[in-house]
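A short worksheet on the structure shown next.
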Amino acid sequence: MSDQCGCGSGHSHEAPGATTTVAAPVEVDRREDQINLSSVAAAKVKSLLEQEGRDDLQLRISVQPGGCSGLRYQLFFDERTLDGDVVTDFDGVAVVVDRMSVPYLNGAMIDFVDTIEKQGFTIDNPNATGSCACGDSFH
């Protein structure tokens, strides 16, 4: 059995739109040449934007120096578009990555988990060679 999600556990995930809730990300056609946003994360971003009452914002994801491992992720809503930004649409959600962050985020999967143990956005990044114990930074 092939591991379609790349998580290494040997299981398969249900297709997007399935009625059951799964803690693992639903990944379809993960692209290695750009950032990826799961359907669950896209739905959460849409929900947050609706709560804000704004339709002019985009989800900006960047990599900044900092954290105990050297680099850390920043996710925030932004109305700006800068020179060199790479904008990708996921189910109506615009995800923006600045040109300096693109090489660090190519192939990364942004997901949203909502379990009893953890709630929030997660980033599965194949470019990270290591991370800190708290999971806040990588290198």
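The values are calculated or read from the model by the stated rules, or taken from the named source; none is laboratory data. All values derive from a computational prediction rather than experimental measurement. No Cβ is skipped: glycine too gets one built from the backbone with ideal geometry, and neighbour counts run over all protein chains shown. All accessible areas refer to the heavy atoms of the entire protein, side chains included, with ligands and DNA or RNA removed. Shrake-Rupley method; radii C 1.70, N 1.55, O 1.52, S 1.80 Å.
Here are some notes:
- The modelled label-to-label distance for the pair N127/E50, using points 7 Å beyond Cα in the direction of Cβ, is 3.2 nm.
- Residues in the stretch 52-106 average 56 Å² of solvent-accessible surface per residue, probe 1.4 Å, ligands and nucleic acids excluded.
- If the segment from Q64 to M100 were pulled out straight at 0.36 nm per residue, it would be longer than the present Cα-Cα gap by 12.0 nm.
- For the stretch 33-79, the mean projected area of the C-alpha convex hull, equal to one quarter of the hull surface, is 4.5 nm².
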